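Right, one structure below, let's go through it.
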Ligand code: 9WN
């Protein structure tokens, strides 16, 4: 099974070639005229952070498509700068995904684009993706694409650091667990429990996810009732962000989304340099965001990062993989870096130069660790990839190599699944999943 073990160089090269072809075939199979679907069955529209990861992979094989992917997403940017977490494909029948366009009702919101979208966001990894696509395949075209994207990426940052800075300390807050990308993480349990909802509400809707995936792996009906209640509340206010503090029942500063915010400023500095704009303000903002993350979300006693619930003012105690993500920031100070390395290498996450099991999405030793349920234990390639980049940024090439081997092993064992069993590596969720394929290409390409 291991790419690191036995078989010699020719066998490894054959295996790498087969994996590469599998990943490219998966991305080709999920390409839908101007964007990539995360999965043909479970997620048949365009998702925001999926598109960022997918662009990173496409850069290695189909750079034109990588740019198209980002262009399609940013063509759906709202006038206030937000990039919606879903852009709906109008060609699909109503009911192909829940909650669909009628539920979000973006058409009625001034400043929303002509195409139907959701009204919430996901982590802003697009500037980093655009920069990586350009770096991988620089050309006249890529410079023109960067120039087109730059003001849009800046507006996107401004939305998050302006309207979404409800805490007033320089970080963006999320208004829905879906905005974190780790929808069902135990990190959201306490703030979500405070959202009034009744599971019976779900009788009025038809969930699409449990038709295509095992219901025991997915969020419960009560979770979904709360997800629906949060969208209802945000939509009722026209998806406006002013006065959220007084009226919205879920407001949390997420370590992953804010890590992405900082990474975006680093990437924007590089893009600015390349396109003739001033990189200075981006560098300064990256420093400020990193400092705010440490100040607001780092627990020096426990040695990891946590979300901050703005409704209670407290950090959420769960130790999830979200807490490891600030390691991706190159400017993270030495103490939190050392603490996160210790946390990642502890029995909770099991990172090692030779890993015996995949990196879980939640603390293995926690009583609420669930190896099969969505974001509550299984291993995900996007989290692995962000941590892998962080390990390299902080010169832990030994651990980065171990994590990379583990990422490759997962696909060797199970194919391009959406997520993986954290003990056996068995494939879970949707097969032929976009970012699993894309990020595999990226790690295969780097040695
Ligand atoms: C809701 C598409 C998306 C990912 C998220 C993942 C899942 C949607 C869902 O699928 O979320 O946005 O229906 O569960 O949690 O990270 O972007 O792949």
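Collect the residues in the stretch 30-72 that are part of a helix (DSSP H, G or I), surrounded by fewer than 19 Cβ atoms within 10 Å (Cβ to Cβ) and within 15 Å of the ligand (Cβ to nearest atom), keeping them in residue-number order.
Within the stretch 30-72, none qualify.
Conditions (1) surrounded by fewer than 20 Cβ atoms within 10 Å (Cβ to Cβ); (2) over 26 Å from residue 209 (Cβ atoms); (3) touching a residue at least 24 places away in the same chain (Cβ under 8 Å), marked per residue:
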residue: 350; (1), (2), (3): yes, yes, no
residue: 403; (1), (2), (3): no, yes, yes
residue: 412; (1), (2), (3): yes, yes, yes
residue: 415; (1), (2), (3): yes, no, yes
residue: 418; (1), (2), (3): no, no, yes
residue: 443; (1), (2), (3): no, yes, yes
residue: 446; (1), (2), (3): yes, yes, yes
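Is it the case that some residue within the stretch 161-181 is part of a strand (DSSP E or B), in contact with a strand residue (DSSP E or B) (Cβ under 9 Å, 6 or more places away or on another chain), within 30 Å of residue 377 (Cα to Cα) and in contact (Cβ under 8 Å) with a residue 60 or more places away in the chain?
Yes: the stretch 161-181 contains one or more residues that are part of a strand (DSSP E or B), in contact with a strand residue (DSSP E or B) (Cβ under 9 Å, 6 or more places away or on another chain), within 30 Å of residue 377 (Cα to Cα) and in contact (Cβ under 8 Å) with a residue 60 or more places away in the chain.
If you check residue 351 against the conditions, is it in contact with a helix residue (DSSP H, G or I) (Cβ under 7 Å, 6 or more places away or on another chain) and under 23 Å from residue 124 (Cβ atoms)?
no
May I ask you to list the residues in the stretch 73-94 that are away from the ligand (no atom under 16 Å from the Cβ), touching a helix residue (DSSP H, G or I) at 6+ places or on another chain (Cβ under 7 Å) and outside any loop (DSSP other than H, G, I, E, B)?
74, the sole residue that qualifies.
Taking residue 412 and the conditions (1) in a helix (DSSP H, G or I); (2) within 16 Å of the ligand (Cβ to nearest atom); (3) under 22 Å from residue 57 (Cα atoms), which numbered condition does it fall short on, given that it satisfies the others?
(2)
Return the residues of the stretch 273-305 that are more than 19 Å from residue 261 (Cα to Cα) and in contact with a strand residue (DSSP E or B) (Cβ under 8 Å, 6 or more places away or on another chain); say none if nothing qualifies.
299
Condition check ((1) within 20 Å of the chain's Cα centre (by Cα); (2) touching a residue at least 40 places away in the same chain (Cβ under 8 Å); (3) away from the ligand (no atom under 16 Å from the Cβ); (4) closer than 26 Å to residue 214 by Cα) across all residues:
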| site | (1), (2), (3), (4) |
| --- | --- |
| 305 | yes, yes, yes, no |
| 311 | no, yes, yes, no |
| 316 | yes, yes, yes, no |
| 321 | yes, yes, no, yes |
| 332 | yes, yes, yes, no |
| 341 | no, yes, yes, no |
| 366 | no, yes, yes, yes |
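Being under 20 Å from the mean Cα position of the chain (by Cα), more than 21 Å from residue 383 (Cβ to Cβ) and assigned to a loop (DSSP other than H, G, I, E, B) is the filter here; which residues of the stretch 95-137 pass it?
Answer for the stretch 95-137, where residues must be under 20 Å from the mean Cα position of the chain (by Cα), more than 21 Å from residue 383 (Cβ to Cβ) and assigned to a loop (DSSP other than H, G, I, E, B): 97, 98, 99, 118, 119.
With a cut-off of at least 3 residues that are surrounded by 14 or more Cβ atoms within 10 Å (Cβ to Cβ) and either modelled with pLDDT under 95 or away from the ligand (no atom under 13 Å from the Cβ) (or both), name the helices (runs of 4 or more DSSP H) lying wholly within the stretch 183-253.
189-193, 209-212, 221-236
Could you identify the single residue in 144, 169, 127 that is within 22 Å of residue 325 (Cα to Cα), away from the ligand (no atom under 16 Å from the Cβ) and surrounded by fewer than 24 Cβ atoms within 10 Å (Cβ to Cβ)?
169
Does at least one position in the stretch 354-363 carry a residue that is within 16 Å of the ligand (Cβ to nearest atom) and part of a strand (DSSP E or B)?
Yes; the residues of the stretch 354-363 include at least one that is within 16 Å of the ligand (Cβ to nearest atom) and part of a strand (DSSP E or B).
Out of 389, 376, report the one residue that is in contact (Cβ under 8 Å) with a residue 12 or more places away in the chain and away from the ligand (no atom under 16 Å from the Cβ).
389
The values are calculated or read from the model by the stated rules, or taken from the named source; none is laboratory data. These figures come from a predicted structure and were not determined experimentally. Positions of Cβ are backbone-derived with ideal geometry, glycine not excepted, and every protein chain shown enters the neighbour counts.
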